[in-house]
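Have a look at the structure below before the remarks.
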């Protein structure tokens, strides 16, 4: 069966129309793909911005934790220092009293020894 020129033109017309439809659909797919690509770029940009914000928040939280630790530790150290200073002062004052007490005890020993000797002399006489 031989095809005539008109048959071939008719087939060409049908194929051209079909290819035009395919080309139109491919153009629509390209447009949709471009839109999706733009949306992904927007999401990527947003994600990058969010990562930066998250890093800033993490840095701020770290700074706050360090500051709280320092404030708490410094207050605790200050309290310890005050307690030790007060204790030191009491011990120092007590040490001075002990020194006086030791002198008094020494004087008391000497006096008791002297009086003991005097009593023994009086008992012998």
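Quick note: the coordinates plus some simple rules give every number you see, no bench work behind them. Quantities reported herein were computed from a predicted structural model and do not represent experimental measurements. Neighbour counts run over all protein chains shown; Cβ positions are idealised from the backbone, glycine included.
Axis of helix 5-124 versus longest Cα principal axis of the chain: the two differ by about 0°, to the nearest ten degrees.
When a/c is below 1.5 the answer is rounded, else prolate if a/b is larger than b/c, else oblate, so apply that to region 49-95 with a ≥ b ≥ c taken from the square roots of the Cα gyration tensor eigenvalues.
Taking the square roots of the gyration eigenvalues as a ≥ b ≥ c, region 49-95 is prolate.
Could you list 1, 50 so that the one with the fewest beta carbons within 10 Å of its beta carbon is first and the one with the most is last? Let's see the in-between values first.
Numbers: 1 3, 50 10.
Taking fewest neighbouring Cβ atoms as first place, the list is 1, 50.
Modelled label positions at residue 111 and residue 54, each set 7 Å beyond Cα in the direction of Cβ, lie 8.4 nm from each other. Rounded to the nearest 500, the 222 nm mean residue ellipticity of the chain from helices alone is -37000 deg cm²/dmol, with -39,500 (n - 2.57) taken per DSSP H run of at least 4 residues.
Building the convex hull from the alpha-carbon atoms of the chain and averaging its projection over directions returns 19.3 nm².
Fully extending the segment from residue 120 to residue 104 would add 3.4 nm, taking 0.36 nm per residue of separation and subtracting the current Cα-Cα distance.
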